[in-house]
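The values are calculated or read from the model by the stated rules, or taken from the named source; none is laboratory data. All of these numbers come straight from a predicted model, not from anything done at the bench. As a convention, Cβ positions derive from the backbone with ideal geometry for all residues, glycine included, and neighbour counts pool all protein chains shown.
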Amino acid sequence: MQDPDCIFCKIINGDIPSTKVYEDELLFAFNDINPAAPVHVLIVPKKHIQDNNHITAEDEVIAGRMFTAAKEIASQLKIAEDGYRLIINTGRHGHQEVPHLHLHLIGGQPMQHPMG
Ligand code: AMP
Ligand code: ZN
């Protein structure tokens, strides 16, 4: 379920410190160490899934929960009404730096437009 060499698995286990904003039986969420906006939370499955290419049908409850958790965290951090951006970077072209699936919840100011 976990990869002993993975930085996000270590954060989930408490071996590396983080600022937790949410936890349930499937997910752990914490503030990004290098925030791109006033709110920048990483929503991470407790199961080590490398990236979006490695999600299976078995993971559909986890994947769905990532979105409902994002809604709840956005509401908790009072950015739901103004809006926010949800991003999952995947692989080299997606500039994924940490090979453990994570959903970026970014907000607290208008996002750049257009994306790309
Ligand atoms: P990505 O490029 O989508 O893989 O995003 C990885 C994110 O993890 C980046 O935004 C980093 O700032 C963030 N990050 C890396 N190490 C840590 C850490 N120890 N605690 C919190 N966020 C981290
Ligand atoms: Zn991991």
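Of all residues in region 96-116, how many are more than 24 Å from Thr56 (Cβ to Cβ) and within 16 Å of ligand 1 (Cβ to nearest atom)? Full working, then the answer.
Residues of region 96-116 that are more than 24 Å from Thr56 (Cβ to Cβ), as a first pass: 106-116.
This time we only want the ones that are within 16 Å of ligand 1 (Cβ to nearest atom), so: 106-108, 111-112, 115-116.
So the answer is 7.
Is there any pair linking a residue in region 25-43 that is small (Gly, Ala, Ser) to one that is within 14 Å of ligand 2 (Cβ to nearest atom) and part of a strand (DSSP E or B), with Cβ under 6 Å and at least six apart or on different chains, and which?
Ala29/Ile43
Select from region 80-116 the residues that are over 16 Å from the mean Cα position of the chain (by Cα), modelled with pLDDT of 95 or more and of a type in the set (A, V, I, L, M) and list them in ascending order.
Within region 80-116, Ala80, Met111 qualify.
Does Leu86 fit the bill of being assigned to a strand (DSSP E or B), in contact (Cβ under 8 Å) with a residue 40 or more places away in the chain and either among the hydrophobic types (A, V, I, L, M, F, W, C) or closer than 30 Å to Gly116 by Cβ (or both)?
Details: assigned to a strand (DSSP E or B): yes; in contact (Cβ under 8 Å) with a residue 40 or more places away in the chain: no; either among the hydrophobic types (A, V, I, L, M, F, W, C) or closer than 30 Å to Gly116 by Cβ (or both): yes.
It is false that Leu86 is assigned to a strand (DSSP E or B), in contact (Cβ under 8 Å) with a residue 40 or more places away in the chain and either among the hydrophobic types (A, V, I, L, M, F, W, C) or closer than 30 Å to Gly116 by Cβ (or both).
Mind telling me which of the residues Asp51, Asp15 ends up being within 12 Å of ligand 1 (Cβ to nearest atom) and within 12 Å of the chain's Cα centre (by Cα)?
Working: Asp15 fails: within 12 Å of the chain's Cα centre (by Cα).
Step by step, each of Asp51, Asp15 is checked, and only Asp51 is within 12 Å of ligand 1 (Cβ to nearest atom) and within 12 Å of the chain's Cα centre (by Cα).
Within region 23-40, is there a residue that is within 13 Å of ligand 2 (Cβ to nearest atom), assigned to a loop (DSSP other than H, G, I, E, B) and surrounded by 12 or more Cβ atoms within 10 Å (Cβ to Cβ)?
No: region 23-40 contains no residue that is within 13 Å of ligand 2 (Cβ to nearest atom), assigned to a loop (DSSP other than H, G, I, E, B) and surrounded by 12 or more Cβ atoms within 10 Å (Cβ to Cβ).
Mind counting the residues in region 81-98 that are surrounded by fewer than 11 Cβ atoms within 10 Å (Cβ to Cβ), under 16 Å from Leu42 (Cα atoms) and either more than 16 Å from ligand 2 (Cβ to nearest atom) or among the basic types (Lys, Arg) (or both)? Reasoning before the result, please.
Within region 81-98, the first condition is being surrounded by fewer than 11 Cβ atoms within 10 Å (Cβ to Cβ), and the residues that meet it are 81, 83, 92-93, 95, 97.
Next cut, under 16 Å from Leu42 (Cα atoms) only: 95, 97.
Narrowing the set further to residues that are either more than 16 Å from ligand 2 (Cβ to nearest atom) or among the basic types (Lys, Arg) (or both) leaves 95.
Within region 81-98, residues that are surrounded by fewer than 11 Cβ atoms within 10 Å (Cβ to Cβ), under 16 Å from Leu42 (Cα atoms) and either more than 16 Å from ligand 2 (Cβ to nearest atom) or among the basic types (Lys, Arg) (or both) number 1.
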